[in-house]
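Student: Just dropping this structure here.
The values are calculated or read from the model by the stated rules, or taken from the named source; none is laboratory data. Values in this document were obtained by computation on a predicted structure and should not be read as measured data. When we count neighbours, we look across all protein chains shown, and the Cβ atoms used for this are built from the backbone with ideal geometry, even at glycine. Accessible surface areas use protein heavy atoms only, side chains included; no ligands, DNA or RNA. Shrake-Rupley method; radii C 1.70, N 1.55, O 1.52, S 1.80 Å.
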Amino acid sequence: MIEVVEPATAQVMAEVPRAGVEETDAAVAAARAAFPAWRDVSPGDRAALLHRLADRIEEKSDALATLEARNAGKPISDARGEMSMVVDCFRYYAGAPERLLGHTIPVAGGVDMTFREALGVVGLITPWNFPLTIASWKVAPALAAGNTVVLKPAELTPLTSLELERIALDAGLPEGVLNVVAGPGSVCGSRLVEHPDVAKVAFTGSTEVGRSIAAGAAQTIKRVTLELGGKSANVIFADADIEAAAAAAPSAVFGNAGQDCCARSRILVERSAVDDFLAAMERAVTAMVVGDPLDEKTEMGPLISADQLETVGSYVPDDAPVAIRGSAPDGPGFWFAPTVLSPVSNSDRAAAEEIFGPVACVIPFADEAEAAAIANDTIYGLSGSVWTRDGAKALRMARAIETGVISINSNSSVRVTTPFGGFKQSGVGRELGPDALDHYTDVKNVYYRTDED
Ligand code: NDP
């Protein structure tokens, strides 16, 4: 059995059967058997089933939010927002089956047309930081495009994905269309990667595991999309609204206790504005409510596990330049107070590596060119922000920073309707928006000769 631990109390909250290779193979076989009929469900009927699934999730969203808040240690208000995104995601992709358009292409002698064909069985491997949300980003477009699914959630947070499997059956999705295997990544995840009947793997998690998935998938030329780590820059120029940038900066890095691939954990501040920025940020960080995830007022919960707590702590040794430290409860649970290090050099370990915890580095810069150079001096390229009142400078920076997603005078990264994914070692492919469907279909070209000779 998997003992599922509640991070706020360090107590076991549930036990679920642990899947292994046999269960993974059985899930792949079920998905393979269900594929031909699911692919052939008419577009309108597939859309209706996805709408019904969205409705059922919405009906259960309070219970799902509580389960996610307890299992992932996230504030209940965040978990509710996430469940509403899950519903929106299924509704958005419910529009896709009837809009999977191809081309007609002018050619000599006949007619040429393209079709976007489903891939078959897709293996979806998801992390523990946004369990059901990230699952929905993959499951919804995969099903909409006519694929069948084997979803492997992280062992630390399998509960809402297992619920999703039950809800899908209840909503009328045929048996075998959506299968969930809860088991270790090194067993069930790697089996999906090597399995000859799995056409594609979509993965979110660490860059290290992403690398091994890309290598493993090469053996069967599987399609792969990878959404990996980040070390995103939040670039704040002296001409920005410093109060607004400083008020927004904590949630952009301490949201989900920093366990967010989009966390803006490198805060680049123009040198002349550093003192004003830190003073304003201190007010915001010390006001953050850190505590019981089920309390309505909580803004940040615990880390996911004792291991994660130890890893995050290693980035803040006794001689670290701690400029600001917020609060965290004592007692059981994996708590770490929001922490701002300043000044930090971009080559310091805390600025170079993805910490995945509530630790931010403030890095001063002299001018636009230096800001872009520091922002790009990383193996990652997932997200980021630019704060300035100079519109042309904002757009120059947005184009200069090597990243898949960037916001101006805002720290938003993810929307159901817009593409999300990384440059460089932050990943391959795009989730969400119209682009995700490209990664769950292959293009078929059909030529039909019409000339008589
Ligand atoms: P992992 O990359 O190990 O886990 C992500 C998913 O991959 C989980 O479902 C995991 O399963 C699975 N997995 C693990 N090993 C394999 C494998 N060999 N083959 C196939 N699937 C596998 O992340 P961790 O949980 O270990 O977190 C470590 C670090 O990764 C974090 O500190 C953070 O830096 C980064 N991370 C980034 C995320 C993001 O959103 N980009 C999300 C999570 C982590 P299981 O856990 O059940 O073994």
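Student: Just subtract the alpha-carbon distance of Ser272 and Thr311 from 0.36 nm times their residue separation and send over the number in nm, one decimal.
Tutor: Working: separation 39, 0.36 × 39 = 14.04 nm, distance 3.34 nm.
Gain on extension, Ser272 to Thr311, equals 10.7 nm.
Student: While we're here: Hey, what number do you get for the chain at 222 nm if only DSSP H runs of n ≥ 4 count, each worth -39500 (n - 2.57), divided across all residues, to the nearest 500? Walk me through the numbers on the way to the answer.
Tutor: Values: 14 runs with 167 residues, N = 453.
Calculated mean residue ellipticity at 222 nm is -11500 deg cm²/dmol.
Student: OK, next. Among Ala202, Tyr440, Pro338, which residue has its Cα positioned farthest towards the positive end of the charge dipole of the chain, with +1 placed on the Cβ of Lys and Arg, -1 on the Cβ of Asp and Glu, and the dipole taken about the Cα centre?
Tutor: Working it through, the farthest residue towards the positive pole turns out to be Tyr440.
Student: State the antiparallel share, in %, of DSSP beta bridges confined to the stretch 74-188, rounding to the nearest 5.
Tutor: On the way: 4 of 12 bridges.
Roughly 35 percent of the DSSP beta bridges within the stretch 74-188 come out antiparallel.
Student: How would you order 351-361, 155-165, 208-218, 8-18 from highest to lowest mean count of nearby Cβ atoms within 10 Å?
Tutor: Working: 351-361: 24.1, 155-165: 22.4, 208-218: 16.6, 8-18: 14.8.
By packing density, highest mean first, the sequence is 351-361, 155-165, 208-218, 8-18.
Student: What distance in nm separates the simple spin-label points at Asp367 and Leu395, each placed 7 Å from Cα in the Cβ direction?
Tutor: The modelled label-to-label distance comes out at 2.2 nm.
Student: Relative to the first principal axis of the alpha-carbon coordinates of the chain, what is the inclination of helix 242-254, with its axis defined by its Cα atoms, in degrees from 0 to 90 and to the nearest 10?
Tutor: That works out to roughly 60 degrees.
Student: So, taking all protein chains as they sit and a 1.4 Å probe, how much accessible area belongs to Trp137, in Å² rounded to tens?
Tutor: Per-residue accessible area (Trp137): approximately 20 Å².
Student: How far apart, in nm, are two points set 7 Å out from the Cα along the Cα-to-Cβ line at Arg349 and at Arg283?
Tutor: Result for the modelled spin labels: 3.6 nm.
Student: Then there is this: Accessible area per residue, 1.4 Å probe, Å², for the stretch 145-224: what's the number?
Tutor: Working: 2800 Å² over 80 residues.
It amounts to 35 Å² per residue over the stretch 145-224.
Student: How much of the accessible area of the chain, in percent, comes from carbon and sulfur atoms when a 1.4 Å probe is used?
Tutor: Working: 9480 of 18290 Å².
That fraction is 52 percent.
Student: Could you pull the Rg and Dmax for the stretch 320-368, using just the Cα atoms, both in Å?
Tutor: Expressed in Å, the Cα Rg and Dmax of the stretch 320-368 come to 12.8, 45.
Student: How about the stretch 283-352: which trypsin sites (Lys or Arg not before Pro) there lie in a loop by DSSP and see at most 14 other Cβ atoms within 10 Å?
Tutor: Working: sites: Arg283, Lys297, Arg325, Arg349; in loops: Lys297.
Answer in residue order: Lys297.
Student: Let me ask you something else. Taking only protein heavy atoms into account and a 1.4 Å probe, give the accessible area per residue of the stretch 253-311 in Å².
Tutor: Numbers: 2330 Å² over 59 residues.
About 39 Å² of surface per residue is accessible.
Student: Here's a follow-up. Just grab the label-to-label distance for Thr9 and Arg211, each label 7 Å out from Cα along the Cβ direction, in nm (one decimal).
Tutor: Inter-label distance under the simple model: 4.0 nm.
Student: Ranked from highest to lowest mean number of other Cβ atoms within 10 Å per residue, what is the order of the peptides 146-153, 440-447? Don't skip to the end; give the middle numbers.
Tutor: Details: 146-153: 27.4, 440-447: 15.2.
The densest-packed peptide leads the list: 146-153, 440-447.
Student: What is the gain in length, in nm to one decimal, between Ala244 and Ala37 on full extension, counting 0.36 nm per residue of separation less the C-alpha to C-alpha distance? Don't jump to the answer; show the numbers that get you there.
Tutor: Values: separation 207, 0.36 × 207 = 74.52 nm, distance 5.30 nm.
That works out to 69.2 nm of additional length.
Student: Restricting to the stretch 1-157, what percent of DSSP beta bridges are antiparallel, rounded to 5?
Tutor: Details: 9 of 14 bridges.
Roughly 65 percent of the beta bridges in the stretch 1-157 run antiparallel, per DSSP.
Student: Assuming 0.890 mPa s and 25 °C, estimate D for the stretch 1-88 with Stokes-Einstein, Rh taken as the Kirkwood radius over Cα pairs, in µm²/s. Show your work: numbers first, answer last.
Tutor: Values: Rh = 15.8 Å.
It comes out at roughly 156 µm²/s.
Student: Let me ask something else about it. Dipole magnitude of the chain about its Cα centre, charges +1 at Lys/Arg Cβ and -1 at Asp/Glu Cβ only, in debye to the nearest 20? Walk me through the numbers before you get to the answer.
Tutor: Working: 38 positive and 61 negative charges, 145 e Å.
My answer is approximately 700 debye.
Student: Sticking with this structure for a sec: Considering the options Val235, Leu164, Phe35, tell which one lies farthest towards the positive end of the dipole of the chain, charges being +1 on Lys and Arg and -1 on Asp and Glu at the Cβ, about the Cα centre.
Tutor: Farthest towards the positive end: Phe35.
Student: Which value, in debye to the nearest 20, describes the size of the charge dipole of the stretch 86-230 about its Cα centre when Lys and Arg Cβ atoms bear +1, Asp and Glu Cβ atoms bear -1, and nothing else is charged? Walk me through the intermediate numbers first.
Tutor: Working: 11 positive and 13 negative charges, 51 e Å.
Result for the stretch 86-230 is approximately 240 debye, rounded to the nearest 20.
Student: Also, I was wondering about something else. Among 314-320, 377-383, how do they line up from the highest to the lowest mean number of other beta-carbon atoms within 10 Å?
Tutor: Details: 314-320: 12.3, 377-383: 22.9.
Taking the mean over residues of other Cβ atoms within 10 Å, the ranking is 377-383, 314-320.
Student: Where does the chain land on Rg/Rh, using Cα atoms and the Kirkwood Rh?
Tutor: Computed over Cα atoms, the ratio is 1.00.
Student: Please compare each pair in Lys424/Lys444; Lys152/Lys200; Lys152/Lys424; Lys152/Lys297 to a cut-off of 22 Å on the Cα-Cα distance and tell me which ones are over it. Please list the in-between numbers first.
Tutor: On the way: Lys424/Lys444 29 Å; Lys152/Lys200 13 Å; Lys152/Lys424 25 Å; Lys152/Lys297 32 Å.
Among Lys424/Lys444; Lys152/Lys200; Lys152/Lys424; Lys152/Lys297, the Cα-Cα distance tops 22 Å for Lys424/Lys444; Lys152/Lys424; Lys152/Lys297.
Student: Another question, then. Across the stretch 216-293, what fraction of all alpha-carbon pairs, as a whole percent, falls in each successive 5 Å bin from zero upward?
Tutor: With 5 Å bins starting at 0, P(r) equals 3, 14, 20, 18, 13, 9, 6, 5, 4, 5, 2, 0.
Student: Where both partners of a DSSP beta bridge lie in the chain, what percent of those bridges are antiparallel, to the nearest 5?
Tutor: Working: 24 of 61 bridges.
For the chain, the DSSP antiparallel bridge percentage is about 40.
Student: Okay, next question. Once the Cα atoms of helix 61-72 and of the chain are each reduced to a long axis, what angle between those two axes, in degrees from 0 to 90 to the nearest 10, is obtained?
Tutor: 60 degrees
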